[in-house]
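Engineer: Okay, handing you the structure first.
The values are calculated or read from the model by the stated rules, or taken from the named source; none is laboratory data. Here the structure is a predicted model, which means the values were calculated and not measured. No Cβ is skipped: glycine too gets one built from the backbone with ideal geometry, and neighbour counts run over all protein chains shown. Just so you know, the surface numbers come from the protein's heavy atoms only, side chains and all, with ligands and any DNA or RNA stripped out. Shrake-Rupley method; radii C 1.70, N 1.55, O 1.52, S 1.80 Å.
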Amino acid sequence: MSLPSHVKYVVIGAGIHGLSTAYHLAAGLKATGRGSGEDILIIDKSAIASGASGIACGVVRNNYFQPAMRELMAHSVAVWESDPEAYSYHSVGYMQISPESMRADVTEIYEQQQAIGYESEFIEGAADCKTYMKGLFDDWQAEGITSVLHEKRGGYANNTAAMYGLAGKAEAEGVRIVTGLEVKGFVYGSNSGAVTGVETDRGVIGTDYVIVGVGPWVKQIWDFLDLPNEISIKGSDGRMHDGVPMWTYWSLQEGTLGVDPNMHRTNDGRMPPVIHVDSDAPLYSDIDGSLITDRMWGIYYKPDFNFGGIQGGAMPFKIETDAADVAVDPYGPESPDFIVDDSFIHMWCSALAHCQKRFEGKIGDYKNEPSGGIGAFTPDSFPVFDVFRENVYVIADSNHGFKMIGVGKLVAEDILGQSSVMLDPFRFSRYAEGRLHPVSNSPFPWS
Ligand SMILES: Cc1cc2nc3c(=O)[nH]c(=O)nc-3n(C[C@H](O)[C@H](O)[C@H](O)COP(=O)(O)OP(=O)(O)OC[C@H]3O[C@@H](n4cnc5c(N)ncnc54)[C@H](O)[C@@H]3O)c2cc1C
């Protein structure tokens, strides 16, 4: 496809946010008589779903300690439910299974889910939790669990299929998608700081508005926009904390047990909810009984025909290298640095066996193929959705974002002039103003 010399809207990135925003913006332009999908060009340096959206586990849940995140997730779950076929979405539900140290946090989540009408069930106390879990899986054996939050909505979607579903919807609205085209910088107007063109490896495309949805590559685009790599944050103590790094990378640990996904069904033969277990019970090796950890640990898993087994993950780890020196490319399983190692396999498979007897002795079935990937996190590990340089909308989801299919809809409305209360808690100004999100006791940076 020859490149246009000018297009009204350039979207950088054909992952969940770029595709979803383009699709909803196209529909919004048409509905308001202000244009159509033909005004939108998505460009991606590689291919549709070649970033984090194409390797994500695909879990969709509401379980967040932060009220603003829960509202956003409830909105996104409704978008997933609006077309499960196109989005390859499996509404099997989601369970947060926790130890005593998290009970108060999860109680609050449950109460607020009731307040916003998000269907869930909450079980408390060790004995009742065991009975509930055994009612679902008769081989349940995790110890030290004192609360179970069972979200009846949510579940997971097949990562790449969902992206192609979204891309198809955008193209049906007239949006053009050009792959193999890399953004190398921006052209600015002489009288203002606004962007007037996007520099690519095949020339400049003039534009009125840019939308950035580049997932783990956000720091590179941030640098092209000349935005600060260190910021000041007003803490809960009311004091300013200067010099806080804007971007930090975390390495996500995920993999697949190569068994028949059908081996993990509920007692009544149904596909189970996505299971997430956090625990402070000592975790012992399923190989030799040695202690793996006596500190807080967490895992999640689901049967997944797309991945070909039981797919899931464990807590990510922070990459201590300065963000400027982290090699994002080659990305995901192709990375020489950020794929899972034997310690993840040992821990995750042992934790599966800790939870359910059916997984005992299965570590030999682990699919020994590269997996995992990195994500770019903001200073508080929550998203930034905001406009920079007057006309550049940055969607930086802080690696929360496969489930956030609805953010593109809100961003599109925002661009068309309908400011969203749901996006307000995620503006960049929250750091300087000290409007930070509450922090939970979960071992994951995204709960
Ligand atoms: C292993 C793993 C598992 C995850 N599991 C889940 C999960 O279960 N649930 C969940 O909600 N979230 C999950 N996440 C997080 C989620 O995948 C991401 O937050 C989300 O997919 C980011 O979407 P995006 O559209 O911003 O970016 P991406 O999907 O990464 O897409 C960005 C695109 O931008 C393109 N690009 C980058 N730079 C340029 C450039 N200069 N020029 C042109 N194109 C460019 C890339 O090629 C890429 O295709 C997971 C992440 C990882 C790494």
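Engineer: Net charge near I109, counting Lys/Arg +1 and Asp/Glu -1 over other residues with Cβ under 11 Å of its Cβ?
Structural biologist: -1
Engineer: Now a separate question. Can you give the accessible area of D39, probe radius 1.4 Å, in Å² rounded to 10?
Structural biologist: 40 Å²
Engineer: Compute the signed sum of charges (Lys and Arg +1, Asp and Glu -1) over the other residues within less than 14 Å, Cβ to Cβ, of T196.
Structural biologist: Charge balance near T196 sits at -1.
Engineer: In addition: Simple spin-label model, 7 Å along Cα-to-Cβ: D83 to D208 in nm?
Structural biologist: Each label point is offset 7 Å from its Cα along the Cβ direction, giving 2.5 nm.
Engineer: Karplus couplings for region 379-387 from phi (6.51 cos²θ - 1.76 cosθ + 1.60, θ = phi - 60°), rounded to Hz, Gly and Pro as x?
Structural biologist: Karplus values, whole Hz, x for Gly and Pro: x, 9, 6, 10, x, 10, 10, 6, 9.
Engineer: Separate question: How do T179, T146 rank by accessible surface area computed with a 1.4 Å probe, from largest to smallest?
Structural biologist: T179, T146
Engineer: What dipole magnitude, in Debye to the nearest 20, does region 399-443 give about its Cα centre under +1 on Lys/Arg Cβ and -1 on Asp/Glu Cβ?
Structural biologist: So the magnitude is around 140 debye.
Engineer: Loop-only trypsin sites (Lys or Arg not before Pro) in region 1-87, please: DSSP not H, G, I, E or B, and at most 14 other Cβ atoms within 10 Å.
Structural biologist: In loop regions of region 1-87 (DSSP not H, G, I, E or B), the sparsely surrounded trypsin sites (Lys or Arg not before Pro) are R34.
Engineer: To continue, here is another question. List the lysines whose Cα lies under 22 Å from the Cα of K302, skipping any in the same chain that are fewer than 8 positions away.
Structural biologist: Hits, sequence-local ones excluded: K130, K134, K152, K357, K362, K367, K403.
Engineer: While we're looking at this one, here's another question. In deg cm²/dmol, rounded to 500, what helix-only [θ] at 222 nm does the chain give when every DSSP H run of at least 4 residues adds -39500 (n - 2.57) and the total is split over its residues?
Structural biologist: Taking each H run of at least 4 residues, the total per residue is -7000 deg cm²/dmol.
Engineer: Counting Lys and Arg as +1 and Asp and Glu as -1, what is the net charge of the other residues whose Cβ lies under 13 Å from the Cβ of P67?
Structural biologist: -3
Engineer: Per residue, how large is the accessible surface of the chain? Use a 1.4 angstrom probe and give square angstrom.
Structural biologist: For the chain, the solvent-accessible area averages 38 Å² per residue.
Engineer: Something else: When a/c is below 1.5 the answer is rounded, else prolate if a/b is larger than b/c, else oblate, so apply that to region 1-64 with a ≥ b ≥ c taken from the square roots of the Cα gyration tensor eigenvalues. Provide the component values of the computation, followed by the final result.
Structural biologist: Details: a/c = 3.79, a/b = 1.42, b/c = 2.67.
Here region 1-64 falls in the oblate category.
Engineer: Among DSSP beta bridges whose residues both lie in the chain, state the antiparallel percentage, nearest 5. Show your work: numbers first, answer last.
Structural biologist: Numbers: 59 of 80 bridges.
So the antiparallel bridges in the chain amount to around 75 percent.
Engineer: Treating only the Cβ atoms of Lys and Arg (+1) and Asp and Glu (-1) as charged, compute the dipole magnitude of the chain about its Cα centre; round to the nearest 20 debye.
Structural biologist: Details: 33 positive and 58 negative charges, 181 e Å.
The calculated dipole for the chain is roughly 860 debye.
Engineer: Please sort 318-324, 156-162, 14-20 by packing, taking for each peptide the average over its residues of neighbouring beta carbons within 10 angstrom, highest first.
Structural biologist: Top of the packing list down: 14-20, 156-162, 318-324.
Engineer: Then there is this: Measure nothing fancy, just the Cα-based angle from helix 159-172's long axis to the longest principal axis of the chain, in degrees from 0 to 90, nearest 10.
Structural biologist: 30 degrees
Engineer: Quick check: the angle from helix 67-82's long axis to the longest principal axis of the chain, C-alpha only, nearest 10 degrees?
Structural biologist: Helix 67-82 and the main axis of the chain meet at about 80 degrees.
Engineer: Of all accessible surface on region 110-222 at a 1.4 Å probe, what whole percent is carbon and sulfur?
Structural biologist: 48 percent
Engineer: While we're looking at this one, here's another question. With every protein chain kept in the model, how would you rank T131, T256 by accessible area, 1.4 Å probe, largest at the top?
Structural biologist: Descending accessible area places them as T131, T256.
Engineer: Another question, if that's okay. Nearest 10 degrees, 0 to 90: what angle lies between the long axis of helix 342-355 and the longest principal axis of the chain (Cα atoms)?
Structural biologist: Roughly 50 degrees, rounded to the nearest 10.
Engineer: Heads up, I need the accessible area for V92: 1.4 angstrom probe, whole protein in place, Å², nearest 10.
Structural biologist: 40 Å²
Engineer: Next question, about the same structure. Any idea what the dipole of region 105-228 comes to, in debye rounded to 20, about its Cα centre with Lys/Arg Cβ at +1 and Asp/Glu Cβ at -1?
Structural biologist: 560 debye
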